[in-house]
């Protein structure tokens with residue numbers, strides 16, 4: 001294995017670990033604030049939902065995108081661009097076609113996690129109703 005491959009693999013592993021740490025922190029935060037996490041890293045064909053949650057006494061199915069960045073850089077939530085929103089909407093439509101989710105209302109949230117130098121969560125922002133699927137119809 002050459003040096004370039006090793007560095008690339010180390011960066012990929014670090015990025016995966018950062019994402020896992022951010023998603024775990026987001027899930028813990030949401031659960032502490034009343035959400036029930038029903039799925040993590042849910043694959044629907046080529047699409048993925050980071051976290052899928054519900055709130056008690058509601059008809060909501062909450063699709064949550066988690067974005068992480070090093071503290072002091074651009075806000076992580078800015079990385080949820082139109083393409084990512086479209087993919088999340090497509091994934092939500094696939095979910096709603098399943099019997100167990102029929103009749104549910106969809107909400108799209110974003111959790112922005114800022115990481116410290118050791119890639120540990122430093123701060124977290126939950127943005128409920130971050131975007132509306134109707135904007136894409």
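Filter the range 50-71 down to the residues that are more than 16 Å from residue 18 (Cα to Cα), part of a loop (DSSP other than H, G, I, E, B) and in contact with a strand residue (DSSP E or B) (Cβ under 9 Å, 6 or more places away or on another chain) and list them by number. Steps first, answer last, please.
Here is the first cut: in the range 50-71, the ones more than 16 Å from residue 18 (Cα to Cα) are 52-64.
The next check asks that each one be part of a loop (DSSP other than H, G, I, E, B); those that pass are 55-59.
The answer is 55, 56, 58, 59.
Would you confirm, using the coordinates I've provided, whether residue 106 is closer than 22 Å to residue 29 by Cα and surrounded by 13 or more Cβ atoms within 10 Å (Cβ to Cβ)? I'd like the intermediate steps shown before the answer.
Details: closer than 22 Å to residue 29 by Cα: yes; surrounded by 13 or more Cβ atoms within 10 Å (Cβ to Cβ): yes.
For residue 106, the condition - closer than 22 Å to residue 29 by Cα and surrounded by 13 or more Cβ atoms within 10 Å (Cβ to Cβ) - is met.
Among the candidates 106, 89, which residue alone is assigned to a strand (DSSP E or B) and more than 17 Å from residue 23 (Cβ to Cβ)? Before you say what the answer is, go through the steps one by one.
Details: 89 fails: assigned to a strand (DSSP E or B).
Every option except 106 fails the conditions.
Taking the range 109-137, which residues are in a loop (DSSP other than H, G, I, E, B) and over 19 Å from residue 19 (Cα atoms)? Steps first, please.
So the first thing to find is which residues in the range 109-137 are in a loop (DSSP other than H, G, I, E, B), and the list is 116-120, 132, 137.
Within the range 109-137, 132, 137 meet the criteria.
State the number of residues belonging to the range 97-137 that are without any contact (Cβ under 8 Å) to a residue 24 or more places away in the chain and within 17 Å of residue 47 (Cα to Cα).
Qualifying residue count, the range 97-137: 2.
If residue 72 satisfies all but one of (1) modelled with pLDDT of 80 or more; (2) on the phi > 0 side of the Ramachandran plot, what's the number of the condition it fails?
Status for residue 72: all satisfied but (1).
Kindly indicate which of 121, 128 is surrounded by fewer than 17 Cβ atoms within 10 Å (Cβ to Cβ) and closer than 23 Å to residue 32 by Cα. If you could, list the steps in order and put the result at the bottom.
Details: 121 fails: surrounded by fewer than 17 Cβ atoms within 10 Å (Cβ to Cβ).
Of 121, 128, the one residue that is surrounded by fewer than 17 Cβ atoms within 10 Å (Cβ to Cβ) and closer than 23 Å to residue 32 by Cα is 128.
The values are calculated or read from the model by the stated rules, or taken from the named source; none is laboratory data. This structure is a prediction, so every number in the text was calculated from the model and none was measured. Because the Cβ atoms are built from the backbone with ideal geometry, glycine has one as well, and the counts that use them run over all protein chains shown.
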